[in-house]
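A.B. asks: One structure, as structure tokens, below. Some questions next.
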Amino acid sequence: MTDHRTHAFRDSHQDIATARKIPETPQTLSPTYRLAFADADFLCRDELRPVRLQLELLKPEMAMNEAGVTSTVVLFGGARIPAPERKATAKTPMLADLSHYYTEAQIFARLMTEISIQGGGTDYIITTGGGPGVMEAGNRGAAEAGGKSIGLNIVLPHEQAPNLYVTPELSFNFHYFALRKMHFLMRARAVVVFPGGFGTLDEMFESLTLIQTRRMKRIPFLLFGREFWQNVVNWDMLAEAGTISREDLALFRFVETAQEAVDAILTWDDA
């Protein structure tokens with residue numbers, strides 16, 4: 001096996017393997033004798049939270065660098081929006097009507113991935129939360145185009161697994177919402193938001209706030225479905241009340257179709 005280390009010190013994997021073979025004595029069986037970096041109980045202590053935060057920042061960052069991911073297109077949207085072929089399973093008639101956004105997300109991701117592949121396959125990589133609904137549609141469209149896509153999943157109380165269209169080596173699992181959100185935006189070249197619930201609203205407003213406050217540079221920011229979003233948020237009232245500036249309404253645009261979204265990204269004017 002090729003040794004890729006850049007130093008001459010003994011490898012940590014070697015010491016983990018050696019430590020497993022030592023005789024069992026009261027001393028070696030004590031938790032204090034475990035190698036610190038191989039001790040799950042130690043790493044999960046409250047005092048080690050700063051280390052765990054650092055690990056959740058580093059692991060996806062290193063994997064994306066190794067995969068050559070230069071920039072991403074982020075898709076936010078509802079996990080409960082069904083594919084058109086499964087719209088009969090929707091819990092409400094309105095949710096069933098929203099199934100056409102699954103199709104638009106799928107087409108949009110396919111078109112953007114085709115553009116990515118033409119440019120070398122390192123830019124415009126579709127990134128989703130890795131779950132069902134709109135997220136599945138995004139990863140599915142990228143897979144149909146023959147490209148890779150990212151899934152940033154998170155551990156939730158109910159069982160879940162990444163959708164089957166996420167590129168396996170770019171499928172990540174998070175404990176901390178904050179670090180997951182950082183990875184959504186660190187490489188984002190565009191953000192596209194489809195109808196959704198609390199999670200989608202949270203991601204949308206946090207991203208807009210970062211752009212509004214110039215903590216993040218302005219990038220194409222698109223909301224799919226003008227009617228949905230104008231019913232959910234009274235944007236004009238926020239401006240009239242003065243809680244946001246009228247100019248803040250120009251930070252995003254409404255789109256209705258996948259092609260319209262692609263065109264908006266490719267012709268976006270930061271001014």
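A.B. asks: Looking at Glu61, is it touching a residue at least 40 places away in the same chain (Cβ under 8 Å), in the same structural domain as Val191 (by TED's automatic domain parsing) and either over 17 Å from Val191 (Cβ atoms) or acidic (Asp, Glu) (or both)? Let's see the steps before the verdict.
C.D. replies: Numbers: touching a residue at least 40 places away in the same chain (Cβ under 8 Å): yes; in the same structural domain as Val191 (by TED's automatic domain parsing): no; either over 17 Å from Val191 (Cβ atoms) or acidic (Asp, Glu) (or both): yes.
No.
A.B. asks: Hey, can you tell me all the residues within region 71-104 that are among the hydroxyl-bearing types (Ser, Thr, Tyr) and within 15 Å of the chain's Cα centre (by Cα)?
C.D. replies: Ser71, Thr72, listed by residue number.
A.B. asks: Select from region 69-86 the residues that are among the β-branched types (Val, Ile, Thr) and within 24 Å of Gly121 (Cβ to Cβ) and list them in ascending order.
C.D. replies: The first filter runs over region 69-86 and keeps only residues among the β-branched types (Val, Ile, Thr), leaving 69-70, 72-74, 81.
If the condition is that a residue be among the β-branched types (Val, Ile, Thr) and within 24 Å of Gly121 (Cβ to Cβ), then Val69, Thr70, Thr72, Val73, Val74 are the ones that fit.
A.B. asks: Any idea which of (1) assigned by TED's automatic domain parsing to the domain that holds Gln160; (2) hydrophobic (A, V, I, L, M, F, W, C); (3) in contact (Cβ under 8 Å) with a residue 24 or more places away in the chain is the one Ala96 doesn't satisfy?
C.D. replies: Answer for Ala96: the failing condition is (3).
A.B. asks: So which of Gly68, Gly131 ends up being of a type outside the set (D, E, K, R), over 16 Å from the mean Cα position of the chain (by Cα) and in a loop (DSSP other than H, G, I, E, B)? Step through it out loud before you land on a result.
C.D. replies: Numbers: Gly131 fails: over 16 Å from the mean Cα position of the chain (by Cα).
On inspection, the qualifying residue turns out to be Gly68.
A.B. asks: Could you check region 78-118 and list, in sequence order, the residues that are outside any helix (DSSP H, G or I) and of a type in the set (A, V, I, L, M, F, W, C)? Walk me through it before giving the result.
C.D. replies: Pass one, region 78-118, residues outside any helix (DSSP H, G or I): 78-83, 90-92, 98-99.
Of everything in region 78-118, those that are outside any helix (DSSP H, G or I) and of a type in the set (A, V, I, L, M, F, W, C) turn out to be Ala79, Ile81, Ala83, Ala90, Leu98.
The rows are residues; the columns are (1) farther than 22 Å from Met62 by Cα; (2) in contact with a strand residue (DSSP E or B) (Cβ under 8 Å, 6 or more places away or on another chain); (3) buried (at least 21 other Cβ atoms within 10 Å of the Cβ); (4) touching a residue at least 12 places away in the same chain (Cβ under 8 Å).
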{"residue": "Ala105", "(1), (2), (3), (4)": "yes, yes, yes, yes"}
{"residue": "Ser116", "(1), (2), (3), (4)": "no, yes, yes, yes"}
{"residue": "Gly129", "(1), (2), (3), (4)": "no, yes, yes, yes"}
{"residue": "Gln160", "(1), (2), (3), (4)": "yes, yes, no, yes"}
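A.B. asks: Please count how many residues of region 136-158 are in contact (Cβ under 8 Å) with a residue 40 or more places away in the chain and part of a helix (DSSP H, G or I).
C.D. replies: Restricting attention to region 136-158, the residues satisfying the condition of being in contact (Cβ under 8 Å) with a residue 40 or more places away in the chain are 136-138, 148-150, 152.
When the remaining residues are screened for being part of a helix (DSSP H, G or I), the result is 136-138.
Residues flagged as in contact (Cβ under 8 Å) with a residue 40 or more places away in the chain and part of a helix (DSSP H, G or I) within region 136-158 amount to 3.
A.B. asks: Taking the condition modelled with pLDDT under 95 and more than 24 Å from the chain's Cα centre (by Cα), does Arg10 pass? Show your work before the answer.
C.D. replies: Numbers: modelled with pLDDT under 95: yes; more than 24 Å from the chain's Cα centre (by Cα): yes.
In short, yes.
A.B. asks: Let me ask you something else. Do we find a residue being assigned by TED's automatic domain parsing to the domain that holds Thr113 and closer than 16 Å to Gly131 by Cβ anywhere in region 215-230? Before you say what the answer is, go through the steps one by one.
C.D. replies: Applying the first criterion (assigned by TED's automatic domain parsing to the domain that holds Thr113) to region 215-230 yields 215-230.
Still in the list and also closer than 16 Å to Gly131 by Cβ: none.
Checked region 215-230: no residue is assigned by TED's automatic domain parsing to the domain that holds Thr113 and closer than 16 Å to Gly131 by Cβ.
The values are calculated or read from the model by the stated rules, or taken from the named source; none is laboratory data. Please read all numbers here as calculations on a predicted model, not as lab measurements. Neighbour counts run over all protein chains shown; Cβ positions are idealised from the backbone, glycine included.
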